[in-house]
1. Once the other residues with Cβ under 13 Å from the Cβ of B:SER199 are scored (Lys, Arg +1; Asp, Glu -1), what is the net sum?
2. State the percentage of accessible surface on the protein assembly as shown attributable to carbon and sulfur atoms; use a 1.4 Å probe and exclude ligands, DNA and RNA.
3. If the range B:47-118 were replaced by its equivalent ellipsoid, with semi-axes equal to the square roots of 5 times the Cα gyration tensor eigenvalues, what would those be, largest first, whole Å?
4. Å³ per residue of the Cα convex hull, for the protein assembly as shown?
5. How big is the accessible area of A:ASP66 in square angstrom, nearest 10, if you roll a 1.4 angstrom probe over the protein chains?
6. Could you give the radius of gyration (one decimal) and Dmax (whole number) of the Cα atoms in the range B:141-280, in Å?
7. Do the alpha carbons of any pairs in A:LYS181/A:LYS291; B:LYS181/B:LYS291; A:LYS157/B:LYS50; B:LYS38/B:LYS157 sit beyond 31 Å of each other, and which pairs?
8. I'd like the isolated cysteines in chain A, meaning no second cysteine's beta-carbon lies under 4.7 angstrom from theirs.
Number of protein chains: 2
Amino acid sequence: MSERSARTGYAVNPLNRVANLRDHTEDFARWQASPSAKMIVLVGENVLLKRGASGIEAYFAFSEADVFEGREEIVFLGLDGDTPVFGGAYPAGIAERLASNDHYTVSDARTLALEGLLPAETLGPLAEAKALLHWHRRHRFCAACGGETNVSSAGWKRICSACGAEHFPRTDPVVIMMAVKGERCVLGRQARFAPGMYSCLAGFVEPGETIEDAVRREIFEEAGIRTGQVRYLASQPWPFPSSLMIGALAEARDETLNVDTEELEDARWFSRDEVKSMLEGSHPDGLTAPKPFAIAHAIMRAWAIDGELP
Amino acid sequence: MSERSARTGYAVNPLNRVANLRDHTEDFARWQASPSAKMIVLVGENVLLKRGASGIEAYFAFSEADVFEGREEIVFLGLDGDTPVFGGAYPAGIAERLASNDHYTVSDARTLALEGLLPAETLGPLAEAKALLHWHRRHRFCAACGGETNVSSAGWKRICSACGAEHFPRTDPVVIMMAVKGERCVLGRQARFAPGMYSCLAGFVEPGETIEDAVRREIFEEAGIRTGQVRYLASQPWPFPSSLMIGALAEARDETLNVDTEELEDARWFSRDEVKSMLEGSHPDGLTAPKPFAIAHAIMRAWAIDGELP
């Protein structure tokens, strides 16, 4: 697909999830026993990688992963053609034990996408594994009654051993957007950003609101700008830990910013030419934009270069 | 706003959520003590309503709500002008106790929207209250450690008394869509639907996928139709219990359906004229569409009447 969403990081996922087979325990067992089965290995929040002649590789054969002890969870991600693909969660301590072993390296999922160290079609399954395994680690107990939960449905459900409640993986919708007016747009920066980097504003969609209302609310809360028309542009899975980024443009009705300094270090208007130069890395003051793996880059490009409007 | 999202049920919400003030406990106390404060009252999963001369009313003064005992939770929804608006969760048993009292009636949130029994601008806050209070009821314990959690941030957070983990309200993104090809579209029906009603297909967005991929996956899983281009149309808060409906059209590449009969009782192709007649209630075989409060209605209308394309 050439759509805008598919050009963001973590968005390309070739796996057939065969969701209708997740409750077939005999298939789950057969897939795990398949000699071709492969696994993405998470060590705590990080990713374990093999070093090969042609670079690093994220998929381990089961025989390779069996070397590591203490697997905490295994989830079925889907079929890559006929090949069953899994995600496995292992203790974070394995990363330290393997630090001096030249066959392995450990990275975080963000760096792998930022630096293009893995093929795009591996980053999608990696995001799927990371979000799902994080959810398992944080849902060992039932939020309804406090009982212990057990994994079910090939890793896509947890069931409470005490009250029987069923729990499903969580995905948090987040709006990320630019307010624009004519040839100008609003960008902001958080204190934790790299020096000189400005990006889109963002925030969680809340219970009882539409995507469009969430966009307008967040822009007003963070920058004090009222906005009107909102247009959806693209979405991105963002496994930190389990967001769905929903990208949009919004038509600004105000000029004067009122920045929420608890959320943002700064926010200001930028011209279209400035945004173009930030995307290209040629801004006269050295200001920068997020890299292409981030949906913020796609949103800035859509407006500044592709000419999209709210 | 005249946007498509705002024309769905539960989507109009005039409240200013003042999210930056939720941690100001003195404001929360002051708002509760305000003589003008008003509350939407949930009794279990249902809504308690007052009967008045001009119909039913969803907002109770605090002095009116104090008559009921055993309030389980109170959450701050936002400011309506200067008026603080809350949601209160009370025991389901209150509904039975008041069944013979002419001053009150009890309804479910779906019926209130379907039958237009409340103003549109009350349905938004009602959806906000319902989703948020449901989340509290199902999150008395910490999913990470099993400890008891306590409410915080005016009802927008729970904190574990044992491990200190912070938990935030959950919103589940759901894609809802039609596959279309030329003058035809795919609709399906679940066994639980009213006889003769057909609607859009739908399913939860999963970890590690874009909105567009979720749309294509769900259509393929449920109807066996491969699709290409996907276009976002509208979104809707859907508090059953806490979904964000994301509506789209998708370009069908196949003609032959392969229906998942575990999910659907039937799915088939419909002509544009058939869909128009279903929306208008004039289908020759008596087939019907969801009512205007449902985003499925907006999606069907967007394609069949407004001429939108994927």
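The values are calculated or read from the model by the stated rules, or taken from the named source; none is laboratory data. If you're wondering where the values come from, they're calculated on a predicted model, not measured in any experiment. Virtual Cβ from ideal backbone geometry, glycine too; neighbours counted across all protein chains shown. For accessibility, only protein heavy atoms count, side chains too; no ligands or nucleic acids. Shrake-Rupley method; radii C 1.70, N 1.55, O 1.52, S 1.80 Å.
1. Taking every Cβ under 13 Å from that of B:SER199, the sum is +1.
2. Answer for the protein assembly as shown is 48 percent, counting heavy atoms of protein chains only.
3. 19, 17, 12
4. So the per-residue Cα hull volume is 174 Å³.
5. Ignoring ligands and nucleic acids, A:ASP66 comes out at about 100 Å².
6. Final numbers for Rg and Dmax: 19.1, 60 Å.
7. Cα-Cα > 31 Å for A:LYS157/B:LYS50; rest within.
8. Result for chain A is A:CYS185, A:CYS200, no neighbouring Cys Cβ within the cutoff.
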